[in-house]
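Report on one structure; see the data block that follows.
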Amino acid sequence: MMDGKARAKAVKSPPGNPGFPFLIIACGCIIAALTFGPRSAMGFFQLPMLADRDFDRNAFGLALALQNICWGVGQPLFGAIADRYGTWRVLALSGILYAAGLVLMATANTAGILYLSAGMLVGFAVAAGSFGIVLAAFARNVDESQRSLVFGIGTAAGSAGMFVFAPLSQQFIELFGWSDALLWMAALMLLVPLLAIPLTGTSSTGRAVAAVSNQSLAEALREAFAHRSYLLLTAGFFVCGFQLAFITVHFPAYLADIGIDAKYAVIGLALIGLFNVGGSLASGIIGQKMSKPLFLTLIYVARSVAVAAFVLLPPSPATVIAFSIVIGILWLSTVPPTNGLVAVMFGTKYLGMLGGIVFLSHQIGSFMGVWLGAYLRQTMGSYDPVWWIGVILGLIAALLHWPISEQPVERGIVAAAE
């Protein structure tokens, strides 16, 4: 067995500096923007679909809750496939599934078809093209000293997708109607297989491959589930999913309930996406320099404070804008340090799968946030209880992240061949 320092010395990169793989990073960032953009704009389709179809809020909320759980269930599965058989294959599948799901959603006339399209197909498509898949490919192609930074860049790109697709989807709806707007977005998803071509390779073919143990997938799973810090990280990420998915889906409807003009929902979600770009980049830089568990603790506390202030203050366009800016900075700032911790603990060999399991917890939280938001609004006539549940969960997440250890697991490794 070796301690962290000995393990770091034994891990060697291939001869020469792998440099910064600009083409891989650029294409991965565009893919992250494309796959994150449409699903983050789904809330804009709720009211026009309800007006045009025989659905209620429960049906729409359940469809998107199902989307989030399929995203979560698919994440470790597609992560393991990408680790073993190649990133490009998984990303190409993502684009095809995404396009099919949006086309079927555009023609959905029953709740069952809505569950299949917006729920299952789009959910599995996002899983196959998600941050976890893209960031794992980045991690295998950069030096460890650049890892947190490229995680921040990739996460910021997804945020940029949210910034672009919030006004774009609303504009499409106004110009073409909600159904044709979905068809236009489906066409954009077909770019993903082409953009994914530079992201070829598996966990053993990256440009910055390290010497690692001949650990099997089953051994990696046993090691992870016996690791206290990994379990705390996984449990805490549930809260991130709960908070963000609730806002993504129900924010436009919540603002309508409290009498805020609909244009501020577009402005608000666009601001979240815009400021999340800066927040994600800053998170990648900060995570390279300070304790990741402490950083995550502070993020979750800040989220709870922001949500509590938003709910307690009198509603106005100014509070919507201020909240959107603050929550945007904090939005995906959890992703770089969370993925970074998994890479620190276990290395990059099974990062797609192990990061995917952490993200599964995130998506179970997303399911609960979306579904509970719809259910409580339908039964109690208000979204306020869900806001306050999010505040409490944020404080619990802060407590969970505080004791996490930012150290590699101790294991024997096979030295690199000379």
Which pairs turn up if I take residues in region 230-242 that are under 15 Å from K292 (Cα atoms) and look for partners that are open to solvent by 10 Å² or more (accessible area, probe 1.4 Å) and not in a helix (DSSP H, G or I) with beta carbon separation below 8 Å, at least 6 apart in sequence or on another chain?
L232/P403; L232/I404; L233/I404
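Quick grid of which residues meet (1) part of a helix (DSSP H, G or I); (2) of a type in the set (A, V, I, L, M); (3) in contact with a strand residue (DSSP E or B) (Cβ under 7 Å, 6 or more places away or on another chain); (4) farther than 22 Å from F251 by Cβ:
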position: A302; (1), (2), (3), (4): yes, yes, no, no
position: S324; (1), (2), (3), (4): yes, no, no, no
position: I327; (1), (2), (3), (4): yes, yes, no, no
position: P336; (1), (2), (3), (4): yes, no, no, yes
position: V342; (1), (2), (3), (4): yes, yes, no, yes
position: I364; (1), (2), (3), (4): yes, yes, no, no
position: A374; (1), (2), (3), (4): yes, yes, no, no
Per-region count, region 151-172, residues surrounded by 24 or more Cβ atoms within 10 Å (Cβ to Cβ) and more than 22 Å from I267 (Cβ to Cβ)
4
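Could you tell me how many of the residues in region 281-303 are open to solvent by less than 30 Å² (accessible area, probe 1.4 Å) and polar (S, T, N, Q)?
Initially, region 281-303 is screened for residues open to solvent by less than 30 Å² (accessible area, probe 1.4 Å), giving 283-284, 287, 292-293, 295-297, 299-300, 303.
Then keep just the ones that are polar (S, T, N, Q); that gives 283, 297.
So the count comes out to 2.
Is it the case that some residue within region 76-89 is surrounded by fewer than 22 Cβ atoms within 10 Å (Cβ to Cβ), hydroxyl-bearing (S, T, Y) and more than 21 Å from A181 (Cβ to Cβ)?
So the first thing to find is which residues in region 76-89 are surrounded by fewer than 22 Cβ atoms within 10 Å (Cβ to Cβ), and the list is 77, 80-81, 84-86, 88-89.
Narrowing further to those that are hydroxyl-bearing (S, T, Y): 85.
Filter once more, keeping what is more than 21 Å from A181 (Cβ to Cβ): 85.
Yes.
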Segments classed as helices (runs of 4 or more DSSP H), wholly inside region 54-128, with at least 1 members that are in contact with a Lys or Arg (Cβ under 9 Å, 6 or more places away or on another chain), among the hydrophobic types (A, V, I, L, M, F, W, C) and at negative phi
57-85, 111-114, 122-128
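Go over the candidates G259, G268, G278, G328 one by one and state the one that is open to solvent by less than 10 Å² (accessible area, probe 1.4 Å) and at pLDDT below 90.
The conditions single out G268.
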Assuming P315 fulfils every condition listed in (1) part of a loop (DSSP other than H, G, I, E, B); (2) more than 30 Å from N58 (Cβ to Cβ); (3) not hydrophobic (A, V, I, L, M, F, W, C) apart from one, which condition is it?
(2)
Among L149, L104, which is more than 21 Å from A51 (Cβ to Cβ), of a type outside the set (S, T, Y) and in contact (Cβ under 8 Å) with a residue 12 or more places away in the chain?
L149
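One line per residue, one yes/no per condition, for (1) within 11 Å of P337 (Cα to Cα); (2) outside any helix (DSSP H, G or I); (3) touching a residue at least 40 places away in the same chain (Cβ under 8 Å):
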| residue | (1), (2), (3) |
| --- | --- |
| I260 | no, yes, yes |
| Y264 | no, no, yes |
| I267 | no, no, yes |
| L274 | no, no, yes |
| V277 | no, no, yes |
| S283 | yes, no, yes |
| Q288 | yes, no, yes |
| F295 | yes, no, yes |
So, first residue surrounded by 16 or more Cβ atoms within 10 Å (Cβ to Cβ) in region 371-382, second residue not in a helix (DSSP H, G or I), Cβ within less than 8 Å, six or more apart or across chains; the pairs are G373/Y383; L376/S382; L376/Y383; R377/Y383
For residues that are open to solvent by 50 Å² or more (accessible area, probe 1.4 Å) and out of contact with any helix residue (DSSP H, G or I) (no Cβ under 7 Å at 6 or more places or on another chain), scanning just region 311-321, find the one that is nearest to L255 (Cα to Cα).
P315
Could you list, in sequence order, the residues of region 336-354 that are open to solvent by less than 10 Å² (accessible area, probe 1.4 Å) and closer than 22 Å to A398 by Cα?
P336, P337, T338, G340, L341, V342, A343, M345, L354
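So, of the residues in region 95-131 that are polar (S, T, N, Q) and farther than 14 Å from Q67 by Cβ, which turns out to be least open to solvent (accessible area, probe 1.4 Å)?
Kept after step one, since they are polar (S, T, N, Q), are these residues of region 95-131: 107, 109-110, 117, 130.
Those left that are additionally farther than 14 Å from Q67 by Cβ: 107, 109-110.
Working: T107: 82, N109: 96, T110: 63 Å².
The selected residue is T110.
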Can you report the number of residues in region 39-53 which are within 17 Å of G101 (Cβ to Cβ) and either free of Cβ contacts under 8 Å to residues at least 12 places away in the same chain or assigned to a helix (DSSP H, G or I) (or both)?
7
For residues in region 36-75 being open to solvent by 20 Å² or more (accessible area, probe 1.4 Å) and among the basic types (K, R), which is farthest from L274 (Cα to Cα)?
R53
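The values are calculated or read from the model by the stated rules, or taken from the named source; none is laboratory data. Being a predicted model, the structure only gives us computed values, none of them experimental. Note: ideal-geometry Cβ built from the backbone for every residue, glycine included; neighbour counts use all protein chains shown. Accessible surface areas use protein heavy atoms only, side chains included; no ligands, DNA or RNA. Shrake-Rupley method; radii C 1.70, N 1.55, O 1.52, S 1.80 Å.
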